[in-house]
Amino acid sequence: MILDVLAALAEPTRLGAMLLLKDGAEHCVCELMQKLDATQSRMSRHMKTLKQAGLVVDRRDAQWVRFRLNPNMPPEIWQVVDATLTAADTQERKVA
């Protein structure tokens, strides 16, 4: 399971999506697409990978799909995810 999580987080667009979702709110695919400069099909594939890794959950809202971090993520997986997102956020701030 940990290898699936690390592989999912290793791709820049998926890592960016996780950084956006870290705020705890739901975000629609349209918002993620816009903020990450991704097409709908590309964003959907990335979100499917994150969902399969157990990192996000989704909810259909009319024609939109809304994503949020998986609230049932095991604590040991959350520790890895949180450390990765913190490191990525710190690195992003240094570059900016």
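Below is a table of values for the structure above.
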{"quantity": "Candidates V80, V65, V56 - the one that is out of contact with any Lys or Arg (no Cβ under 6 Å at 6 or more places or on another chain) and farther than 20 Å from V5 by Cβ", "calculated": "V65"}
{"quantity": "Neighbours by Cβ (under 7 Å, 6+ apart or cross-chain): first from the range 1-12, within 20 Å of P75 (Cβ to Cβ); second among the acidic types (D, E)", "calculated": "none"}
{"quantity": "Pair list, Cβ < 7 Å and 6+ apart or interchain, from the range 36-57 residues that are within 11 Å of M18 (Cα to Cα) to residues that are aromatic (F, W, Y) and surrounded by 15 or more Cβ atoms within 10 Å (Cβ to Cβ)", "calculated": "M47/F67; V56/F67"}
{"quantity": "Residues within the range 66-96 that are among the aromatic types (F, W, Y) and outside any strand (DSSP E or B), tallied", "calculated": "1"}
{"quantity": "Set L21, L85: member being touching a His at 6+ places or on another chain (Cβ under 9 Å) and at pLDDT 95 or above", "calculated": "L21"}
{"quantity": "Unmet criterion (only one of (1) buried (at least 16 other Cβ atoms within 10 Å of the Cβ); (2) closer than 23 Å to L3 by Cα) for L32", "calculated": "(2)"}
{"quantity": "Candidate set: the range 21-46, residues that are assigned to a helix (DSSP H, G or I) and touching a strand residue (DSSP E or B) at 6+ places or on another chain (Cβ under 6 Å); chosen: the one farthest from A88 (Cα to Cα)", "calculated": "V29"}
{"quantity": "Tally, over the range 3-20, of residues that are closer than 11 Å to L50 by Cβ and in a loop (DSSP other than H, G, I, E, B)", "calculated": "1"}
{"quantity": "Given (1) modelled with pLDDT of 95 or more; (2) in contact with a Ser or Thr (Cβ under 9 Å, 6 or more places away or on another chain), number of the condition V65 does not satisfy", "calculated": "(1)"}
{"quantity": "Qualifying positions in the range 3-18 - among the aliphatic types (A, V, I, L, M), closer than 15 Å to L85 by Cα and surrounded by fewer than 17 Cβ atoms within 10 Å (Cβ to Cβ)", "calculated": "L6, A7, A10"}
{"quantity": "Hits in the range 31-60 - residues which are closer than 18 Å to A10 by Cα and among the basic types (K, R)", "calculated": "R42, R45, K48, K51"}
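The values are calculated or read from the model by the stated rules, or taken from the named source; none is laboratory data. The structure displayed is predicted, hence computed values, not measured ones. As a convention, Cβ positions derive from the backbone with ideal geometry for all residues, glycine included, and neighbour counts pool all protein chains shown.
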